[in-house]
Every structure is written in structure tokens, then in C-alpha cells.
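J.: What follows is a single structure, and I will ask about it in a moment.
The values are calculated or read from the model by the stated rules, or taken from the named source; none is laboratory data. Keep in mind it's a predicted model, so treat the numbers as computed, not measured. Neighbour counts run over all protein chains shown; Cβ positions are idealised from the backbone, glycine included.
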Amino acid sequence: MTKSEKGSDSKISGTRSDLGRRAALRRQQLGLTREEVASRAAASPGYLQYVEESAADPNIGFMLRLAGALETTVAELAGGTMELPAGFGKAAAHPEVLVLSPAECRERLSTHGVGRVAVTVDDAPAVFPVNYTVSDELIAYRTAPEAGPAAAAGQDVALEVDHIDDAFSQGWSVLVAGHAHVVTDPYEARRLEEHAHTGPWVGDGRHQWIAIHPNRITGRRIRVMGAHASSQARQR
């Protein structure tokens, strides 16, 4: 680690920075080790650990190398695009649109995440982000009885999940369509609680489970030929 990499204002404070959290998350999304990212960024693994775990203030040279190593942009790492919608980058020159198989769709749904559920509220269409959980064939989320996502109960609904890679202008989307119901069986509710990886991001007071029985799962993927190998592997 050089003095210029560390930055004149840097101190090891023991407090993880937003930059560190974003860098660590991006590295994990790519399935890379610290050693691999450090090698790409021409830095030591120890300095990368310092950036991820402490209140580091790297100079622009290291930030550019780190962004390249993590296949993203300095603005993304620094949080400059946090308030912007995904897909703010330019379209790639020669994208390829692929249809995902049901198995590939389920692989991308994985075990949990954030999706958008489309429902009808007061005779008008509405879309709400929800923290969902996958349990066997069910896709479920917690909400409050009076909240908008609760309107899905007893209805045929759609839930959409996607991933956008702005650095390469590629990504995927999966659409789940099925009938939703309120989970009233205590055993089923307990099982969903055990599978849940996180509580609703909007806070407490949302204990009503809404479960969707999928009857159709479809998806598409936009692939850009020539994108970095690890990014392509993540999109498979």
C-alpha cells in the first residue's frame, strides 16, 4: 500500500464506509476473492481489505483501477448514482436478447431478493417493491394488512425481479404470474419465517405473509458480447 493510494486524509477508524460496503458487495456479486480484485487493481490484498472494512479515502487513481477491477464505474462505487434509476448507462452497440428457461428463471430468483408486485388498488393498477422469499414452489413476502401489496391476496398477480449491470449495459428480468393468498396456516407462516433472509426494508409492523403460487415463470436476458468473463458468468 502506497501513501498515494491510502490518501493523505485516510485514517483507520474501524468504521466501515459506504464505499467499502459497495466495493465488498460488488466483489461478492462477481464471485471474486480479495486477492483476485487486488491483482486486477494493481494493489495489495491488505489495502483492499482496508478499503472494504475501514473509513478509507483512496485517491482517484486507485478508484479508477478499483472500478475497472470490479467492472463498474467510480460513480457507482462512490454512490453518485444512488438516486438515479437503474439503466442510466448507454445501450451497448450489439446486444443479444436471450429467452431464459424456467430453470434459469428460478436460478435467478434464487432464495430471496427485492422484486416488484403488480396489483390492483381502488380499481387502478399499482406496483410495489417487496422483499420476497422463495420457499419450495412458493414466492412470498411480508406486508401490513392495510398496505398496498396486501391487495394481491385472492387475486392473480405478477411479480417482477431483475438485475441491471450498468457497467456493461446488460442484465436480466424474470416475471412470475400466479394466484396470491394470505398465509393463515401457522406452520406455513413459521416455515416462511425460517426461510426469510431479511425483514421488510420499510420497517416493522409487516407480519402478514402473502404467498404466490406461480403458474407461469418467464424471463429474458440482454447479453453483450465482449463483456468481461466474470460478468458474463454471472449473467448465465
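J.: Would you call Glu146 out of contact with any Asp or Glu (no Cβ under 7 Å at 6 or more places or on another chain) and either among the small types (Gly, Ala, Ser) or not in a strand (DSSP E or B) (or both)? Steps first, please.
T.: Values: out of contact with any Asp or Glu (no Cβ under 7 Å at 6 or more places or on another chain): yes; either among the small types (Gly, Ala, Ser) or not in a strand (DSSP E or B) (or both): yes.
Here the answer is yes, as Glu146 does meet what is asked.
Yes/no per residue for (1) charged (D, E, K, R); (2) touching a Pro at 6+ places or on another chain (Cβ under 6 Å); (3) assigned by TED's automatic domain parsing to the domain that holds Arg26:
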site: Val119; (1), (2), (3): no, no, no
site: Asp122; (1), (2), (3): yes, no, no
site: Pro125; (1), (2), (3): no, no, no
site: Pro129; (1), (2), (3): no, no, no
site: Thr133; (1), (2), (3): no, no, no
site: Pro145; (1), (2), (3): no, no, no
site: Asp165; (1), (2), (3): yes, no, no
site: Trp172; (1), (2), (3): no, no, no
site: Gly178; (1), (2), (3): no, yes, no
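J.: Right, something else. Can you name every residue in segment 104-133 that is among the β-branched types (Val, Ile, Thr), surrounded by 15 or more Cβ atoms within 10 Å (Cβ to Cβ) and under 15 Å from the mean Cα position of the chain (by Cα)?
T.: Result: Val130, Thr133.
J.: Additional query: Out of (1) surrounded by fewer than 17 Cβ atoms within 10 Å (Cβ to Cβ); (2) modelled with pLDDT of 80 or more, the odd one out for Gly205 is which?
T.: (2)
J.: Have a look at Gln155, Gln170 and point out the one that is buried (at least 20 other Cβ atoms within 10 Å of the Cβ) and not basic (Lys, Arg). Spell out how you get there, then give the answer.
T.: On the way: Gln155 fails: buried (at least 20 other Cβ atoms within 10 Å of the Cβ).
Result: Gln170 is the single residue among Gln155, Gln170 that is buried (at least 20 other Cβ atoms within 10 Å of the Cβ) and not basic (Lys, Arg).
J.: Out of the residues in segment 150-201 that are part of a loop (DSSP other than H, G, I, E, B) and of a type in the set (Asp, Glu), which is farthest from the chain's Cα centre (by Cα)? Walk me through it before giving the result.
T.: Kept after step one, since they are part of a loop (DSSP other than H, G, I, E, B), are these residues of segment 150-201: 153-155, 166-169, 183-185, 196-201.
Pick out the ones that are also of a type in the set (Asp, Glu) and you get 166, 185.
Numbers: Asp166: 13, Asp185: 30 Å.
By that ranking, first place goes to Asp185.
J.: Here is a further query. Looking at Val174, Val183, which is the one that is free of Cβ contacts under 8 Å to residues at least 60 places away in the same chain and either over 27 Å from Val99 (Cα atoms) or not hydroxyl-bearing (Ser, Thr, Tyr) (or both)?
T.: Details: Val174 fails: free of Cβ contacts under 8 Å to residues at least 60 places away in the same chain.
Of the residues listed, the single one that is free of Cβ contacts under 8 Å to residues at least 60 places away in the same chain and either over 27 Å from Val99 (Cα atoms) or not hydroxyl-bearing (Ser, Thr, Tyr) (or both) is Val183.
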